[in-house]
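Below is one structure, written out as structure tokens; comments come after it.
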Amino acid sequence: MRFFDLLSLISSNLSRRKGRVVLTAIGVVIGTAAVIILVSLANGLQKSATSQLWGISDLKMIQVSPNYGGGEGGPGMVGGKGGGGGSGNQKLLTPQTLKELAALPGVEAVIPRDYLYSYAQMRFGKLETYPQLVGIEAANLDVFEYPLQGGSTELQRGTAVVGSWVARSFYDPSLRPGQDPPPPPDLLGQTVRLEIVKWSNDGQEIRKKISLRIVGVLQETRGEADGMVFVSMGELTQWNEWVNNKRINRNKDGYTNVVVKATDPNNVIELANQINEMGFQAYTPQSYIQNINSFFIVLQIVFGGVGAIALLVAAIGIANTMTMAILERTREIGLMKAIGASNRDVLSIFLGEAAGIGFLGGLGGVLIGWVTAQLLNIVAANYLAAQAAQGGGPPTTIALSTPVWLMLFGLIFATLIGLLSGLYPALRAATLMPVTALKYE
């Protein structure tokens, strides 16, 4: 029997029993729609969670810290080999180490940075705050790909680039109870007073006063840069030398932190493992992303399994419908065999009808699931936007995400369910003896 003749016969047989086909297919529609909606929900939650954690620039970064030793057997315990400096099990981030890190495949840049070894008070007019000062050994912050709100990211002596939260952290120490706090100051282009604090041997507080001109303000990324004040490494090193009352020798003391920027975010995990094997301590947000993705993959499987239960019930309905069809069409089967139809032809017809019911149900389920997901997205977007406005955070744009592969999978899976459900009835029909079938009442 030719393929197109087979399709025509299957379509004709299904159209003769529209009511039964529709009722049977409804079960497949419900099961497929449930799978589409539940997996879309898990996929949307995954996208929302990962998109709000870090930007793409953060996902390229690896935070590398020195290893000061801590016992044998760990990945960082390599006995001081590899040019890291220090003694014993120590692995310090010396200038020689920076060259070794930069030579690793997939590394775009190696940027040392350091923090103030004391605390500092920043004043602007009557307002003051206690910022986190970070020194960067780079002429420009462009290497970090931080989005700029205004000004420049160039770091020179006597200048600073601040994160978006720094201005909000200012407060008026003379503010009385009941008074409204002042609005955050516009720091761009302004000069602030910085007072670095240290203590003498007899416990006396000593302050070093510095003037800084704010040349750039970063956009909010909800990352670590939002609360930082960036200055040049040379200037911060001088401040730390004043705090410790001794010069800092990078060949001997190393850096407290180095940022390794990868060329491709997909290679960050492998690159971090290589750095750990060198004996240092590497951390990257990609590890959190990987764990989150693993969790949501399991969640998608669980949600898909819940929806698949409805498809299992629908499969029983298809098997029941096809079994009843064989009983009703026993004489028809005998007649087909009497005029030359083979067992394979009869098997193909009944399997095609069962698969057709699954396909129709799957198509309806995919359409209903996709439309429902879009409607839920609209409702959720309005609700979450209102919640974000009250909380002051960015709104979540995705509640349910339905990828194309999921819709194709739902359609193919429903068709296969129908095909498998009709396998036993089809085999039973194909193995009927023509004489017995013709004599059946």
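The values are calculated or read from the model by the stated rules, or taken from the named source; none is laboratory data. Note that the coordinates shown come from a computational prediction; the quantities given were computed from them, not determined experimentally. Please note: Cβ atoms are built from the backbone with ideal geometry, for glycine as well, and neighbour counts cover all protein chains shown. With ligands, DNA and RNA removed, areas are computed over all heavy atoms of the protein, side chains included. Shrake-Rupley method; radii C 1.70, N 1.55, O 1.52, S 1.80 Å.
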Solution diffusion estimate, µm²/s, Stokes-Einstein, segment 174-244, Kirkwood Rh from C-alpha pairs, 20 °C, viscosity 1.002 mPa s: 140
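Averaged across orientations, what area in nm² does the convex hull of the alpha carbons in the chain project? Could the numbers behind the result be given before it?
Values: hull surface 131.0 nm².
Average projection, Cα convex hull of the chain: 32.8 nm².
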Cross-link reach list, aspartates and glutamates versus LYS91, counting only Cα pairs under 15 Å and skipping chain neighbours closer than eight places: GLU72, GLU100, ASP253, GLU277
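Working out 0.36 nm times the residue gap between ASP5 and ARG213, then minus their Cα-Cα distance, what length gain in nm do you get to one decimal?
Numbers: separation 208, 0.36 × 208 = 74.88 nm, distance 8.25 nm.
Length difference between fully extended and current span is 66.6 nm.
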Segment 216-230 and segment 3-53: distance between their alpha carbon centers, rounded to Å: 47
Pairwise label distance in nanometres, ASN201 with LEU408, each label 7 Å out on the Cα-Cβ vector: 7.6
Inter-label distance for SER294 and ASP253, nm, one decimal - labels placed 7 Å from Cα along Cα-to-Cβ: 3.9
FRET efficiency for LEU188 and GLN63, using Cβ-Cβ distance with R0 set to 25 Å, rounded to 0.05: 0.35
Solvent-accessible area, 1.4 Å probe, carbon plus sulfur percent, for segment 255-320: 63
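Of LYS126/LYS209; LYS198/LYS252; LYS198/LYS246; LYS99/LYS261, which sit over 19 Å apart, Cα to Cα?
Details: LYS126/LYS209 16 Å; LYS198/LYS252 24 Å; LYS198/LYS246 13 Å; LYS99/LYS261 14 Å.
Among LYS126/LYS209; LYS198/LYS252; LYS198/LYS246; LYS99/LYS261, the Cα-Cα distance tops 19 Å for LYS198/LYS252.
Rounded to the nearest 0.05, what FRET efficiency do THR431 and TYR283 have when you use their Cβ-Cβ distance and R0 = 56 Å? Intermediate results must be reported in sequence, preceding the final value.
Details: r = 65 Å, r/R0 = 1.17.
Rounded to the nearest 0.05, the efficiency is 0.30.
For the chain, what is the relative contact order in percent, using Cα pairs closer than 8 Å and at least 6 residues apart in sequence? Please list the in-between numbers first.
Numbers: 808 pairs, mean separation 123.6, N = 441.
Reported as a whole number, the value is 28 percent.
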Where segment 169-246 is the region considered: accessible area per residue in Å², 1.4 Å probe: 56
Relative contact order computed over segment 140-273 (Cα-Cα under 8 Å; 6+ residues apart), in percent: 30
Residues listed by number, segment 21-46, amide nitrogen under 17 Å from TYR383 label point at 7 Å toward C-beta: 37-46
